[in-house]
Structure formats: C-alpha cells, structure tokens
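**Q** Pasting a structure here, questions to come.
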Amino acid sequence: MADNKPTRENKPTVDNKPTRECTFPCINEQLAGEFKLVSGQAIGKDVVLNLILTNLTTEKKQVNAEIRACSVLYTKKEVNELLKESKAVTLEACKGTEIPVVITYAVYENLMTPDNSIEFTAACSCDPYDGMLIVQTNVVLDNPKFEIKPKSKACVNKPAEVEIIFTNPLNREITNIVVTAEGSGLLKNPVSVKTNLVVKPHATIRIPLTIYPYKDGTKHLMVDFTCNKFQNAKGYLEIIVCHTA
C-alpha cells in the first residue's frame, strides 16, 4: 500500500538575524540631494542655501561635493563664476546632512546679468559608490520695488504728471538712474528720464514724469527703473483717461 503521509519539502533555511531597515526607498539609489533656499531672494541680500544630502543605504558613506555657482543668462549660458568650493561630509546609514552654501552681496553685486539669475550645481561622489550625483537649482533674485503715483488728472490730448517714488534698499549708493515709461494710449513712443542723483542707502527720491494721453479709457503705464546696481526693475500703474477735461 502506498504511503499517503505528506512528504517533507526541501525549503531554504532562513537566517533569523535582525536586519536594519532604512526609512528611505533603497531600490537602486545610493544618495539623494537637493538645494533648499534659506534666505536672500532679493538684490542686496546675501543668498543662502542648504545643500541637503541623504544616504539611502544602510552603510556609512563619505561624500565629496564640488559646489559651483554662476550668474547666468535666461539661456542658461554662464557669465560669471560666483562660488567654487569643495565640501566633504560623512553620512550615517539612512541619514542626511545640510551643507550651507552662501554668496554674499559683496561677491555678486557687480557680476549679475540683467536676468538676476544664479545657477547652483553640486557634483557629489561617495565611497563606496561608483558614479556621480548632480544636484542643480536656479535662483532668480527680485529687483527692488518702487511706486508710481499720479499727480494730475489724465485727459485726452492734455499732458498729465506722474511721479516715480523709489527708496534705496541697499547699503550702497546708487547712481546712473534711468526711468523709461511706455503705455498704449498714454505715450506714442517710450519716454526716458535720466537723473544725475546719487541716492544714499535707504534714502528716497521722487522722479517726475510727463505722459501725453491720446486715447480715453483704462490704460496701463509700464515703467522700467535701471541704475548702476540693478537693471530692469518693473512697475505699472492703471490710469483712467477721460475724454475731456
């Protein structure tokens, strides 16, 4: 008679030693990185970022980061190098660290492009690991703001006065100020006003501007403010033009 007892299968043995679990997704990745802006997104301020590197494995790693920053055009073409430095850090298993990256205003104040754009790149390698992690970000700095204030009623075929009010936020004097205004129905051609004023830090100036409305209705005056420390700061004012005075 056949033996109907179930046969014993050959199963692989299991190692019951405790394993260390990683809280990050450890599928094929070894190292993760990102730049995080901390402060300084306006012209005149120091630009401060953190390069955040995270070890995605259960082994300690020594990481080397080559960090560069350049002022760039909107096409991403590099114009001036602002920063170049090397940093070495030790990352514990499944943990990360923050590396401060700082560009002071004194460094970039005369090296920016009209786009106010800075590209940061970190080329990161670690041991043991074959390969390179490239981390990039782009920071666009804001130009200072200014006020456009109407000084008289705007009517068709009559000159009207507006005033540009600007307070220098920098800890530097500004010079070579040029204000350019344009607007459909307000000016047939752009009008520029140049001033020889030297504006002290945190001082306020007022620049008069005359417009010549030629169509009634709601119009928009666009103003561009440029000086030796920044270019192409933009502002606009909505103006209602009356048909008659």
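The values are calculated or read from the model by the stated rules, or taken from the named source; none is laboratory data. Only a predicted model underlies this, so the values are computations on that prediction, with no experimental measurement involved. Neighbour counts run over all protein chains shown; Cβ positions are idealised from the backbone, glycine included. Please note that ligands, DNA and RNA were not included when accessible areas were found on the heavy atoms of the full protein model with its side chains. Shrake-Rupley method; radii C 1.70, N 1.55, O 1.52, S 1.80 Å.
**Q** Could you list, in sequence order, the residues of the range 142-152 that are open to solvent by 80 Å² or more (accessible area, probe 1.4 Å) and either part of a loop (DSSP other than H, G, I, E, B) or small (Gly, Ala, Ser) (or both)? Lay out the reasoning, then the answer.
**A** As a first pass, look at the range 142-152 and keep what is open to solvent by 80 Å² or more (accessible area, probe 1.4 Å): 142, 145, 147, 149, 151.
Scanning the range 142-152 gives Lys145, Lys151.
**Q** Which residues, counting only those in the range 61-77, are surrounded by 14 or more Cβ atoms within 10 Å (Cβ to Cβ) and either closer than 30 Å to Asn116 by Cβ or without any contact (Cβ under 8 Å) to a residue 40 or more places away in the chain (or both)? Show your work before the answer.
**A** Step one: list which residues in the range 61-77 are surrounded by 14 or more Cβ atoms within 10 Å (Cβ to Cβ), which gives 61, 63, 65-72.
Scanning the range 61-77 gives Ala65, Glu66, Ile67, Arg68, Ala69, Cys70, Ser71, Val72.
**Q** Please tell me if Val139 is closer than 30 Å to Leu31 by Cβ and either modelled with pLDDT of 95 or more or in a strand (DSSP E or B) (or both).
**A** Judged against the criteria, Val139 is a match.
**Q** Taking only the range 143-199 into account, find how many residues are closer than 23 Å to Thr113 by Cα, in contact (Cβ under 8 Å) with a residue 24 or more places away in the chain and not hydrophobic (A, V, I, L, M, F, W, C).
**A** The total comes to 12.
**Q** Which residue is nearest to Ser117 (Cα to Cα), if the candidates are limited to the range 229-245 and must be open to solvent by less than 40 Å² (accessible area, probe 1.4 Å) and outside any strand (DSSP E or B)?
**A** Ranking the qualifying residues of the range 229-245, first place goes to Phe230.
**Q** Within the range 6-110, which strands (runs of 3 or more DSSP E) (wholly inside it) include 1 or more residues that are modelled with pLDDT of 95 or more and in contact with a helix residue (DSSP H, G or I) (Cβ under 8 Å, 6 or more places away or on another chain)?
**A** 47-55, 61-72, 78-91
**Q** Could you list all residues from the range 105-127 that are exposed (fewer than 15 other Cβ atoms within 10 Å of the Cβ), in contact (Cβ under 8 Å) with a residue 60 or more places away in the chain and aliphatic (A, V, I, L, M)?
**A** Within the range 105-127, none qualify.
**Q** Across the range 174-228, what is the total count of residues that are under 28 Å from the mean Cα position of the chain (by Cα) and assigned to a strand (DSSP E or B)?
**A** Qualifying residue count for the region: 17.
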